[in-house]
1. Rounded if a/c is under 1.5, else prolate if a/b beats b/c, else oblate: with a ≥ b ≥ c from the C-alpha gyration tensor eigenvalues square-rooted, which is the range 18-134?
2. In nm, give the distance between the simple-model label positions of Ala68 and Leu20, each being 7 Å from the Cα along the Cα-to-Cβ direction.
3. Taking θ as phi - 60°, what are the ³J(HN,Hα) couplings along the range 61-78 by the Karplus curve (6.51, -1.76, 1.60), each to the nearest whole Hz, with x for Gly and Pro?
4. Measuring from label point to label point, each 7 Å out along Cα→Cβ, what is the His77 to Phe59 span in nm?
5. Once fully extended, how much extra length lies between Cys35 and Leu107, figured as 0.36 nm per residue of separation less the alpha-carbon to alpha-carbon distance?
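FYI, it's all coordinate maths here, none of it is from the lab. On a predicted model such as this, the values are computed, not experimentally measured, just so you know. A quick note on method: Cβ atoms are made from the backbone with ideal geometry, for glycine too, and the neighbour counts reach across all protein chains shown.
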Amino acid sequence: MQKSEQMVRYGSGQGVERPLGRSIQRGMLNRCPNCGTGRLFRAFLKPVDACAACGEEMFHHRADDLPAYLVIVVVGHVLLTGYMLTDMAFRVSPWVHLAIWVPIAVLAALVTIQPIKGGVIGLQWALKMHGFGGHDDEAADPGTDSRRGGPAA
């Protein structure tokens, strides 16, 4: 098997131990998953390119849509439970519920999106995904043929 045809296995290999729970927790606290002291975000949802404290590169993460989906699941379950309990206790107009639950939904989403995105970045770092393990993901994509530069035949 040539070097470009080797299978990439996430989370395997030698190197520094990367505990999953600690990495996710550090990410959720807006800290570098490697050292736990450097900041993870330079803006609200824009991660730093590299940790200022330890130099760990963060630019190749691929959080993409997973944080938004997780926010929808978490906030949706909490708000639906609150709405159902409130509706059982107080019979009010749907407009009152709209006036109560829409602002709470927006605030809850804004409060939870950054910690959840940090947790996803910490998860990717701990499992050595998307460049965090020192390998290129292009070689791991079974849908492309790296020798020809196009889709696999």
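1. On the way: a/c = 3.30, a/b = 2.83, b/c = 1.17.
It comes out prolate by the Cα gyration axes.
2. 2.7 nm
3. 5, 9, 6, 6, 9, 4, x, 5, 5, 5, 4, 4, 5, 5, 5, x, 5, 5
4. With each label point 7 Å from Cα toward Cβ, the separation is 3.7 nm.
5. Extra length available between Cys35 and Leu107 comes to 22.9 nm.
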